[in-house]
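K.L.:
Pasting a structure here, questions to come.
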Amino acid sequence: MITVAQNENNAAGVAPKAWLRRLRNNGNLLLGAAVLILFLIVMVLAHLLGAADPQAMTTSERLHPPSLQHWFGTDRLGRDIYARVAFGTSASLAVGAAAAALGCIIGTIFGLAAGYFRSIDMLIMRVMDGIMAIPGIMIAIATISVAGASITTVVLAIAVHDVPRIARLVRSSVLSMREEPYVEAAVMLGSPSWSIVLRHMLPGILASLAVLGTYVAANAMLLEATLSFLGCGLPPDIPTWGNIMADGRILFRIAPWIILFPGAVLAFAVLAINLLGDGLRDQFDPTTEKTMR
Amino acid sequence: MLRFIFYRLLGAIPVVGLVSIAVFLFLRMAGDPVASLLGENATAQQVAEIRHAMGLDRPVMMQFLSWILHVFQGDFGISLVTHEPVWKMVSERLGATLSLSLTTIVFSILVAVPLGLFAARHRKNWIDRLIVSFCTAGFSVPTFVVGYLLVWLFSIKLQWLPAQGYASLDRGVGDWILHLIAPTIAMSSVFIVLIARITRAGAIEVLNEDYIRTARAIGASELRVFRLFVLRNAAVPIVTIIGVGIGIVLTGVVVTETVFNLPGVGRLTIESVLARDFPVIQCVIMLFSFTYVFINLAVDIIYSLLDPRIRN
Amino acid sequence: MTEAAACPQKPVLEIRDLSIALPPGSDRAFAVEDVSFTIHPREIVCVVGESGSGKSVTSFAIMGLLASALKPVGGEILFSGRDLLKVSPAELRELRGNRLSMIFQEPMTALSPTMKVGRQIEEVLRIHTRMSRAERRTRTRTLELMRLVNIPSPDLLSRRYPHQLSGGQRQRIMIAMALALEPALLIADEPTTALDVTTQAQILEQIKQIQQRSNTAVLFVTHDFGVVADIADRVVVMQHGKIVEQGLAREVLQSPSSDYTRSLLAAIPGLHNRQSRALACDVPEILRIDGLSKSYASVGHFLRRHAPTHAVDNVSLTMRRGETLAIVGESGSGKSTVARCVCGLIDPTGGMIEIKGSNRNARTGTLDIERHRLVQMIFQDPNRSLDPRWTVGQSMIEGMRNLGVSRPQAIERAGSLMEKVGLQKSALGRYPHEFSGGQRQRICIARALSMEPQLLIADEAVSALDVSVQAQVLALLARLQHEMQLSILFITHDLRVAVQISDSIAVMHQGRVVEHGPALEIFSNPRHDYSRRLFNAAPGWNWTD
């Protein structure tokens, strides 16, 4: 008994060591995480310190190009774009994270169900095909045009679009895992279905789910920005990055910074999340170790 | 082979049906079309008459059937805003959208496939890393930002390209191309990255296959290995992703047409959404979804030609 | 000097002090170290060794097909006077497929799936010769080559894709490609390992025939001493990247000079049946299979129904308590399907399976649990039969917990089971990837025993293991059987293994049992035609006796 407990600790000490070593060499993951943390700091600082009021209009400073005083310039109402972008961080990140989380949860439930219970597989996957067939932006536009623009509808609309992708991934993993001898062994040992799905299969999917989840979050942020930019997204009074850029559409020839600077910030944030996803994939994927040998 | 095509067509029917039902329900949820059609001052009798004329007093199932019958005859109803037939409005806009989509697809494939193969060929050295980084970056920049960047650089700063707008083919091929260059590049940015990534991954996977070793063992040159063995065997995932990526192209259409002021279906969508012109939105969703389904059907058929194992 | 005198001809291939480095951080510094041997025209040299011995690396080095991580760091490979390690890539390409050719282990994956097989043979000709337009059209040489390797109706089959051919046919296509330009040296890297025994025998015969007809020298890489006994002129035995012994095949097999070779030869299951325990007739039956059938409806559709395929067709078998029954047969014979039906992993379409045993220890009442208690299975692939994310301890107690055993008790019992199968208690805290294949198979055995089964099913349980490990696991099974009065249903394609462990044997062919009876009787005097063919095809069948 005691020896077992001790050795469990030892095992817990051995595996994380390799994990940490891989983490140290994982440039994508570290860089992505660092940039994201930077964004979070900026976000918190913006709310705490209120460096500049995002809604403060200074009529004398309308459409100023970027300068030391206004890093990203000002818009047609004289509002400081940097301040607006800093404040917008929370809304943009939140929408991305929420949509990804929601999509992953719903998609996983559907995928597990379709993969394990063959009787409903056909039905679920045809519905997923149907959703896949409608371009994501169309689903979002349609939902928002019917249900009105609010954070809830935008998150829902974006999440719906991602459900089929996740469900497919989960389903195919479940299908291939059903054939694995260790799952058959669990059947032979008398483990009930729920235990096999939750204890053997779900942990096996979590890694790829985390990776896909980050990509979905990145995509969700892009989609949210695009929707807001087109005027079909969150209400214009919420300063998300997309809404800030939407303000600059008609003024682009005179004041390109209204779009280009927030656009660059958005691209950086999405890039960071994508890098995080690549990094997670490298971290989880044992083949990277195989190729090192 | 014919049987395969037949069954693929059969398989597309439930998807088309599901999409149709969803789109129909969408219109029902969007509110009473009569109210928006007649405005607020209509009398109850007027409303009832129109409802009867439009068949809205019949059971939902019957309404759906009559609606779908009309749809298949090209009758999508009447715009709530312009009071023109919806299909007429949409078809007038098809030219620009088709031009832009086709140039994008052709351009993307021509750039992305060689790029992906090149990266796979130079796996693990700096060329590969450069292309992979480019791809990750390309995924992260939204299409409209790329579009505006191109407008700013080529139209405003350098003044090489016309800023915005569209010239239809009958005004000359040169003008047509000139107006499509920037939108095509903007829209291709994501598509290229997508195809290049899959091409690279597919080629790397194929390169690890035993038959590549066989090809080398019989003395085939690298070029021959890539041309006859890698490309042909990696073709299935590449063609598949091109099909799936059509969704991205269709999304790109909406954004790009707005940025470049092209009079296409995508901009019509946005205009209709802002005006809450539901019959038009409905028609566009149907059009886009069916395009997606049928292109993917074509993709399935193409890859059954590419890979003999799928045919059986 | 003596060697030169013995072999007046110049060698085709001469390897001198070849060393190939492994990337830093590997478990040893060299994949291959100071390897030297020669091959003369018309000679078949077998390089034999267990996995990781460096035998395949050596053959790949000759072809210049080494993975980029492996670098030759010393020595030379002389092929008709030229050092293959120094020639330019273009010159090497010119030699490959032309003077030097190779066939590989996996016939399933060695041919491009999207190219017709005739075209793939033609590819060799196109690369190295100028083909005339007429020749391309008539494909005379391609068809001639296909006839040479005994492919029936070459004209028809040349237009097929690889997935439409059987494994043996694909390997023949590979041989046709390799021989297309009559190479001076043919390298065969485990070319028959993935094939069934009867196919293996045909392919070996094919290689021998062609080699005798032409001047081709053959370098044959294998792990199987039976194959060595069948075809080798000379043998090179490798271990850990070094040559431990080489010499004439007959001499090495009969009087090996190194300990390693001796131990390898000793580990091969001999053709002597074990104790041949006389099972008393009054021992109760443990398993009765009666008229078992399993058929699969082919993928059809409502317009056209295909006839269902019978994986198992009317199989009846009985087993007594404490008996070992081996079911032997080639792939597709239905032997695994029988095992999976007995386990309850798949449902039979017809017939009856009766498992008899006491249920005195049963605590939970469901019928399924009852069956799992009585029957446990050991799977073929030790790499995949333990959940990679679970510690060995977690896997070990899973079944006992399902039976309602308390956690501390289960851990306690898991510990003693580990010791029983020759592992330490501390193994419970570690993860499966920290163990070797043989150790993992021991863990799987311990896990199966945790359910206190009456009947243990071993589905190709030692097939993925090296011979020496195989011998240890078989010995363990025999000991456990003795100690615990286990009945073992042993599914295998390996006749040597079957001979060694079984009390009785059932030969399966195309879903049916063609012969069933006491092992000794069947092996010494097979009555059925197919059994005779199967036994004769087994490599080196007539050698150890």
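K.L.:
Name the single residue that is farthest from C:Arg96 (Cα to Cα) among those in the range B:227-247 being away from chain A (no Cβ under 11 Å) and out of contact with any helix residue (DSSP H, G or I) (no Cβ under 6 Å at 6 or more places or on another chain).
P.N.:
B:Ile242
K.L.:
Quick check on C:Leu185: is it open to solvent by less than 30 Å² (accessible area, probe 1.4 Å), touching a strand residue (DSSP E or B) at 6+ places or on another chain (Cβ under 7 Å) and within 14 Å of chain B (Cβ to nearest Cβ)?
P.N.:
Details: open to solvent by less than 30 Å² (accessible area, probe 1.4 Å): yes; touching a strand residue (DSSP E or B) at 6+ places or on another chain (Cβ under 7 Å): yes; within 14 Å of chain B (Cβ to nearest Cβ): yes.
Yes, satisfied.
K.L.:
Where in the range C:1-102 are there helices (runs of 4 or more DSSP H), lying fully within it, with 2 or more residues that are touching a strand residue (DSSP E or B) at 6+ places or on another chain (Cβ under 6 Å) and touching a residue at least 24 places away in the same chain (Cβ under 8 Å)?
P.N.:
On the way: elements: C:2-6, C:55-63, C:89-95.
The qualifying helices (runs of 4 or more DSSP H) are C:55-63.
K.L.:
Here's a follow-up. For the list (1) within 19 Å of the chain's Cα centre (by Cα); (2) open to solvent by 10 Å² or more (accessible area, probe 1.4 Å), I need the number of the one condition that C:Cys46 fails.
P.N.:
The failed condition is (2).
K.L.:
Which residue out of B:Val273, B:Val239, B:Val284 is assigned to a helix (DSSP H, G or I) and open to solvent by 20 Å² or more (accessible area, probe 1.4 Å)? Reasoning before the result, please.
P.N.:
On the way: B:Val273 fails: open to solvent by 20 Å² or more (accessible area, probe 1.4 Å); B:Val284 fails: open to solvent by 20 Å² or more (accessible area, probe 1.4 Å).
Going through B:Val273, B:Val239, B:Val284 in turn, just one is assigned to a helix (DSSP H, G or I) and open to solvent by 20 Å² or more (accessible area, probe 1.4 Å): B:Val239.
K.L.:
For a quick check of your reading: which helices (runs of 4 or more DSSP H) sit entirely within the range B:135-230 and have at least 2 residues that are of a type outside the set (D, E, K, R), under 30 Å from B:Arg93 (Cα atoms) and open to solvent by 30 Å² or more (accessible area, probe 1.4 Å)? Please lay out each step first, then the result.
P.N.:
Values: elements: B:143-150, B:173-207, B:210-217.
Ranges flagged: B:173-207.
K.L.:
Among the candidates B:Asp128, B:Asp175, which residue alone is farther than 19 Å from B:Arg232 by Cα, of a type in the set (D, E, K, R) and away from every other protein chain (no Cβ under 14 Å)?
P.N.:
Details: B:Asp128 fails: away from every other protein chain (no Cβ under 14 Å).
Of B:Asp128, B:Asp175, the one residue that is farther than 19 Å from B:Arg232 by Cα, of a type in the set (D, E, K, R) and away from every other protein chain (no Cβ under 14 Å) is B:Asp175.
K.L.:
On to the next question. Looking at the range C:134-143, which of the residues that are modelled with pLDDT of 85 or more and open to solvent by 50 Å² or more (accessible area, probe 1.4 Å) is nearest to C:Gln209 (Cα to Cα)?
P.N.:
This residue is C:Arg141.
K.L.:
Working carefully through the options C:Met146, C:Met108, find the one that is surrounded by fewer than 21 Cβ atoms within 10 Å (Cβ to Cβ), out of contact with any Asp or Glu (no Cβ under 8 Å at 6 or more places or on another chain) and within 30 Å of C:Ala194 (Cβ to Cβ). Explain how you work it out, then say what you get.
P.N.:
Working: C:Met146 fails: surrounded by fewer than 21 Cβ atoms within 10 Å (Cβ to Cβ).
The match here is C:Met108.
K.L.:
Let me confirm something: among C:Leu449, C:Leu417, C:Leu456, C:Leu465, which residue is at pLDDT 90 or above and away from chain A (no Cβ under 12 Å)? Steps first, please.
P.N.:
Values: C:Leu449 fails: away from chain A (no Cβ under 12 Å); C:Leu456 fails: away from chain A (no Cβ under 12 Å); C:Leu465 fails: at pLDDT 90 or above.
So the residue among C:Leu449, C:Leu417, C:Leu456, C:Leu465 that is at pLDDT 90 or above and away from chain A (no Cβ under 12 Å) is C:Leu417.
K.L.:
Now, a different point. Looking at (1) away from chain C (no Cβ under 14 Å); (2) open to solvent by less than 10 Å² (accessible area, probe 1.4 Å); (3) of a type in the set (Gly, Ala, Ser), which is the only condition A:Ser195 fails?
P.N.:
For A:Ser195, the failing item is (1).
K.L.:
Right, next: In the range C:96-114, what residues are modelled with pLDDT under 90 and more than 7 Å from every other protein chain (Cβ to nearest Cβ)?
P.N.:
C:Gln105, C:Pro107, C:Met108
K.L.:
Can you tell me which residues in the range C:80-94 are open to solvent by less than 50 Å² (accessible area, probe 1.4 Å), within 14 Å of chain B (Cβ to nearest Cβ) and of a type outside the set (Ser, Thr, Tyr)? If you could, list the steps in order and put the result at the bottom.
P.N.:
To start, the set of residues in the range C:80-94 that are open to solvent by less than 50 Å² (accessible area, probe 1.4 Å) comprises C:83-84, C:87-88, C:92.
Cutting the leftovers down to within 14 Å of chain B (Cβ to nearest Cβ) gives us C:84, C:87-88, C:92.
Of everything in the range C:80-94, those that are open to solvent by less than 50 Å² (accessible area, probe 1.4 Å), within 14 Å of chain B (Cβ to nearest Cβ) and of a type outside the set (Ser, Thr, Tyr) turn out to be C:Leu84, C:Val87, C:Leu92.
K.L.:
Being part of a helix (DSSP H, G or I), more than 23 Å from the chain's Cα centre (by Cα) and more than 7 Å from every other protein chain (Cβ to nearest Cβ) is the filter here, so list the residues in the range A:117-153 that pass it.
P.N.:
The answer is A:Arg118, A:Ser119, A:Ile120, A:Asp121, A:Met122, A:Leu123, A:Ile124, A:Met125, A:Ala147.
K.L.:
Only one residue in C:Ala519, C:Ala478, C:Ala498 is open to solvent by 10 Å² or more (accessible area, probe 1.4 Å), among the small types (Gly, Ala, Ser) and touching a residue at least 24 places away in the same chain (Cβ under 8 Å), so which one is that?
P.N.:
Exactly one of C:Ala519, C:Ala478, C:Ala498 is open to solvent by 10 Å² or more (accessible area, probe 1.4 Å), among the small types (Gly, Ala, Ser) and touching a residue at least 24 places away in the same chain (Cβ under 8 Å), namely C:Ala478.
K.L.:
Against the conditions (1) closer than 30 Å to B:Cys283 by Cβ; (2) open to solvent by 20 Å² or more (accessible area, probe 1.4 Å), where does A:Val187 fall short? Just the number, please.
P.N.:
Only one criterion in (1) closer than 30 Å to B:Cys283 by Cβ; (2) open to solvent by 20 Å² or more (accessible area, probe 1.4 Å) is unmet by A:Val187, namely (1).
K.L.:
Still on this structure, I have one more. Restricting attention to the range B:255-271, which residues are within 19 Å of B:Gly138 (Cβ to Cβ) and within 9 Å of another protein chain (Cβ to nearest Cβ)?
P.N.:
Selection gives B:Val255, B:Val259.
K.L.:
Quick one: C:Arg159 ticks every box in (1) more than 13 Å from chain B (Cβ to nearest Cβ); (2) surrounded by fewer than 17 Cβ atoms within 10 Å (Cβ to Cβ) except a single one, so which number is it?
P.N.:
(1)
K.L.:
Which residues, counting only those in the range C:386-407, are more than 17 Å from A:Trp194 (Cα to Cα) and within 7 Å of chain A (Cβ to nearest Cβ)?
P.N.:
Scanning the range C:386-407 gives C:Leu386, C:Arg389, C:Thr391, C:Gly393.
K.L.:
Given (1) within 14 Å of another protein chain (Cβ to nearest Cβ); (2) farther than 26 Å from B:Phe24 by Cβ; (3) crowded, with 16+ Cβ neighbours inside 10 Å, identify the lone condition not met by A:Thr74.
P.N.:
So the condition that A:Thr74 fails would be (1).
K.L.:
Would you point out which residue out of B:Leu250, B:Leu297 is open to solvent by less than 20 Å² (accessible area, probe 1.4 Å) and at the interface with chain A (Cβ under 10 Å from one of its Cβ atoms)?
P.N.:
Values: B:Leu297 fails: at the interface with chain A (Cβ under 10 Å from one of its Cβ atoms).
Step by step, each of B:Leu250, B:Leu297 is checked, and only B:Leu250 is open to solvent by less than 20 Å² (accessible area, probe 1.4 Å) and at the interface with chain A (Cβ under 10 Å from one of its Cβ atoms).
The values are calculated or read from the model by the stated rules, or taken from the named source; none is laboratory data. Please read these numbers as outputs of a predicted model, since none were measured by experiment. Because the Cβ atoms are built from the backbone with ideal geometry, glycine has one as well, and the counts that use them run over all protein chains shown. Remember, those area values only see protein heavy atoms, side chains included, never the ligands or the DNA or RNA. Shrake-Rupley method; radii C 1.70, N 1.55, O 1.52, S 1.80 Å.
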